[in-house]
Structure formats: C-alpha cells, structure tokens
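The values are calculated or read from the model by the stated rules, or taken from the named source; none is laboratory data. Keep in mind that what you see is a predicted model, and the values were worked out from it rather than measured. So basically every Cβ, Gly included, is an ideal-geometry build from the backbone, and we count neighbours across all protein chains shown. Areas reflect the complete protein model, heavy atoms only, side chains present, ligands, DNA and RNA absent. Shrake-Rupley method; radii C 1.70, N 1.55, O 1.52, S 1.80 Å.
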Amino acid sequence: MALFNKALARIGIGAARVDAKLVNDEFRAGEKIEGIVEVYGGNVEQKIDSIYLRLFTTYVKERDDKKYKQDIELNTFKINDPFTIQPSETKSIPFTFQLPDDTPVTLGRTRVWVATSLDIKDAVDPSDIDHVKVLPNLMVTSTIEAMEQLGFRLRQVECEEAPRRMRKRLPFVQEFEFVPSGGVYAGKVDEIEIIVQPSGLHDYNLFIEVDRLARGFGGFLSEMLDADESLVHVHVSEKEIPQLKNILTSIISRYS
C-alpha cells in the first residue's frame, strides 16, 4: 500500500500542496512583499526540493497584424532549502522579496500576480496564485494628476511590446493613454500616450506621444501615414515634479 501511495503522489494525487499568505496585497514598485508560505503534507512523505515565488504580469504582443496577450515572468525568488514533509504535516516558511522597480502598476487592464510553486521530484507541480495591487509611484501619480489638470482623462492603461530602442530589462512598456475631456486641447488632440520608465533612484524617462486630431482630407492622409503623431522624450527627476505640469504643457502645446 505504501508503494501505491507513493506512485499516486508522483502523479499528483494525495501530494503536498502549498498556500502563500501575504501580509497585505497593496504595494508600490521597489517595496518589499512579506508573507508566509504554508506547505501541507499529502498522504505520503515527500521531499520538497525548492519553493519558488514567481512574479508575473501580461503584455500585448503583435504578430502578423494580430494582437494577443503574453504572460511574462518579472522575477523569481527561491525561499527555502530542501526539506521533507510528512503525511498531514504543515510547515510555515516566512518570506520577504522586493518588487522590481519596473513592475507595472495595476491600473486598467494590467494584472500582477505571485505564483507559488513546489519543486517535487517526479510530481505534478502544485502551485498557488495570489493577485497583488501595485500602486503608482510618485512620478506616475504626478503625471496623471498633471494631465487631469490640463483637461485630460486617463482612458486606458496597458502593457505593450516595446520597440527595441525602448527596451530595458523587460520586453514591454506600460502605456498611459489620455484623451481630452475639455479645456484648450479639446478639438486639437486626439489622444496622448505617456510611458514612464525609471532611469535611476529618483529619475525617470518620460516618452510622450501626441496624436493630433486629423482635420479634413489632408488630416485624414496624415493620420493614415501616422504623420499626425509626435514622440517626445524628456528626462524628469522627482525634484522637478512641481514643474511637471508646465513641462507637459510645453510639449503638448508645441505638437498639438
């Protein structure tokens, strides 16, 4: 009977299972996530080689004029040395890991989650998934507030595959898409997309694409050729946040 139980464990029946419990579920990029992983023994003794916490999100890729979502691992954290868990035993393992600075914020369609998995020889990989809320950092929050003050509303937030020139550690960027809700830019600007990339401890690169509103047949042709879009790159430090509204005003006014 013992041999039969071990065979069942190898195919995932009666095997150990895992549950990650986070201290809280709201964080900002760069902050530490703390919690406890609880491992519950199955029907037989099993050796747990490793426990991994994997941080994931999704981004949009485009191939052959078709768009689809792709899961991507942002980072992996190993939290234990090998151990053996007995039948019906429970082990609690505390953990701490840091969210990467380039973790996207969970606004719009963006989702971020932690997948906890056990590495058990010859077994189905028992896993657990926990979604987390990643709050905007100071620069993202200030950018959204400045755009709202200029008469724009945030319409969409999405992670999309990045052009090679804009790629860093990850193959995607997170775009914040704004549209006029009134004010001086209504009737002049179709939409504005902004990418906020960390470039240092308190410094950021802002990529701003101004999509002018097409007017008449000539404007229609410009839109078809994407000639109505202007991409501007500006470097902004946290010390310059009080001037951020003026910086954005200058760029949008110049290219609208």
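Of the residues contained in region 126-142, one or more are found to be closer than 28 Å to L231 by Cα, more than 18 Å from the chain's Cα centre (by Cα), crowded, with 17+ Cβ neighbours inside 10 Å and at pLDDT 95 or above.
Taken across region 151-166, residues that are at pLDDT below 95, open to solvent by 20 Å² or more (accessible area, probe 1.4 Å), hydrophobic (A, V, I, L, M, F, W, C) and assigned to a loop (DSSP other than H, G, I, E, B) do not occur at all. Looking across I129, I79, one residue alone is of a type in the set (V, I, T) and farther than 30 Å from Q156 by Cβ. It is I79. Output the number of the condition that Q156 fails; it satisfies all remaining conditions of (1) in contact (Cβ under 8 Å) with a residue 12 or more places away in the chain; (2) among the polar types (S, T, N, Q); (3) closer than 20 Å to L244 by Cα. That leaves (3) as the condition not met.
Looking only at region 134-158, which residues are basic (K, R) and over 16 Å from L248 (Cβ atoms)? Outline the logic, then answer.
We begin by selecting, within region 134-158, every residue basic (K, R); these are 153, 155.
Matches in region 134-158: R155 only.
Entry remark, region 196-207: residues being under 15 Å from L244 (Cβ atoms) and either open to solvent by less than 40 Å² (accessible area, probe 1.4 Å) or among the charged types (D, E, K, R) (or both) number 6 in total.
Would you pick out the residues in region 37-68 that are under 30 Å from V157 (Cβ atoms) and surrounded by 15 or more Cβ atoms within 10 Å (Cβ to Cβ)? Working first, answer last.
From region 37-68, those under 30 Å from V157 (Cβ atoms) are 52-68; that's our starting set.
Y52, L53, R54, L55, F56, T57, T58, Y59, V60, K61 - these are the residues of region 37-68 that are under 30 Å from V157 (Cβ atoms) and surrounded by 15 or more Cβ atoms within 10 Å (Cβ to Cβ).
Of the strands (runs of 3 or more DSSP E) that lie entirely inside region 60-100, those containing 3 or more residues that are without any contact (Cβ under 8 Å) to a residue 12 or more places away in the chain and within 25 Å of Q174 (Cβ to Cβ) span 66-78. Could you look through region 103-125, keep only residues that are surrounded by 19 or more Cβ atoms within 10 Å (Cβ to Cβ) and in a strand (DSSP E or B), and pick out the one that is modelled with the highest pLDDT? Residue satisfying both the conditions and the ranking: V112. Within region 231-256, residues that are over 23 Å from R212 (Cβ atoms) reach partners that are among the charged types (D, E, K, R) and part of a strand (DSSP E or B) with beta carbons closer than 6 Å, at six or more positions or on different chains, in the pairs S237/D203. Which condition number in (1) in a loop (DSSP other than H, G, I, E, B); (2) open to solvent by less than 10 Å² (accessible area, probe 1.4 Å); (3) β-branched (V, I, T) is the one that V184 fails? Just one mismatch for V184, condition (2).
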